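Working notes, beginning with the structure itself.
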Amino acid sequence: MREVEGLVTNDERRFFLEEIQQVNWKMRKQINDIEMVYGYDSKERKEAFQLMLQTNKINLQKIELYLRKYGHPSAAVHGDLAAKTPYIVIHHSGNLASKERNFEHLYRAYKQGDLGPSNFSVFLGKYYTSKFDKQYNLP
């Protein structure tokens, strides 16, 4: 909580968000690398996957605190990578409740142009699948 509270400048906020994104990418790359060496069903991959799930929970807490305190980051002020970070973290949470809690933030970001239509469409698709346990297909 102090970490989020201490973000005074826009640059500090941008670095905070970009760091979350880098950790996210690093964890996923590490799992892919482990898979290549040890296999999908390996003990090493399962351990790395559990660590990634734990990291996802921590990142979700950070993002939710950030969104409550500062609102959704602006692409114009914080950069595209920082502006996409809340979407990526919420998307990776795999949790319907987190998608529902943060829907307004992502919808507003989409409407303001800080989250692209393709990203918001993916979010809506995952949300629908999580909520109704079926895939939505456009007519």
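The values are calculated or read from the model by the stated rules, or taken from the named source; none is laboratory data. Since we're looking at a predicted model, the values are computed, not measured. A quick note on method: Cβ atoms are made from the backbone with ideal geometry, for glycine too, and the neighbour counts reach across all protein chains shown. To get the accessible areas, we keep the full protein, side chains included, count just its heavy atoms, and leave off ligands, DNA and RNA. Shrake-Rupley method; radii C 1.70, N 1.55, O 1.52, S 1.80 Å.
Within the range 1-14, the set of residues being surrounded by fewer than 14 Cβ atoms within 10 Å (Cβ to Cβ) and part of a helix (DSSP H, G or I) comprises Arg2, Glu3, Glu5, Asp11, Glu12. When the helices (runs of 4 or more DSSP H) confined to the range 39-139 are screened for residues that are in contact with a Leu (Cβ under 7 Å, 6 or more places away or on another chain), over 23 Å from Val8 (Cα atoms) and modelled with pLDDT under 95, those reaching at least 3 such residues are found at 117-132.
Can you find even one residue in the range 17-24 that is of a type in the set (D, E, K, R), open to solvent by 90 Å² or more (accessible area, probe 1.4 Å), free of Cβ contacts under 8 Å to residues at least 12 places away in the same chain and under 28 Å from Phe132 (Cα atoms)? No, there is no match, as no residue in the range 17-24 is of a type in the set (D, E, K, R), open to solvent by 90 Å² or more (accessible area, probe 1.4 Å), free of Cβ contacts under 8 Å to residues at least 12 places away in the same chain and under 28 Å from Phe132 (Cα atoms). For the criterion of being farther than 21 Å from Glu3 by Cβ and open to solvent by less than 60 Å² (accessible area, probe 1.4 Å), Ala109 passes. Among the criteria (1) among the acidic types (Asp, Glu); (2) closer than 29 Å to Asp133 by Cα; (3) open to solvent by 90 Å² or more (accessible area, probe 1.4 Å), the one Asp114 does not fulfil is (3). Pick from the range 41-58 the residues that are open to solvent by 70 Å² or more (accessible area, probe 1.4 Å) and aliphatic (A, V, I, L, M): which of them is farthest from the chain's Cα centre (by Cα)? Taking the candidates together, the pick is Leu51. When the residues of the range 117-134 are filtered to those that are in contact (Cβ under 8 Å) with a residue 12 or more places away in the chain and not aliphatic (A, V, I, L, M), the one that is surrounded by the most Cβ atoms within 10 Å (Cβ to Cβ) is Phe123. Inspect all residues belonging to the range 59-79 and state whether any of them is surrounded by 13 or more Cβ atoms within 10 Å (Cβ to Cβ), in contact (Cβ under 8 Å) with a residue 24 or more places away in the chain, touching a His at 6+ places or on another chain (Cβ under 6 Å) and within 22 Å of Leu124 (Cα to Cα). Yes, because at least one residue in the range 59-79 is surrounded by 13 or more Cβ atoms within 10 Å (Cβ to Cβ), in contact (Cβ under 8 Å) with a residue 24 or more places away in the chain, touching a His at 6+ places or on another chain (Cβ under 6 Å) and within 22 Å of Leu124 (Cα to Cα). Within the option set Asn137, Asn102, being over 22 Å from Met27 (Cα atoms) and free of Cβ contacts under 8 Å to residues at least 24 places away in the same chain holds for one residue only, Asn137.
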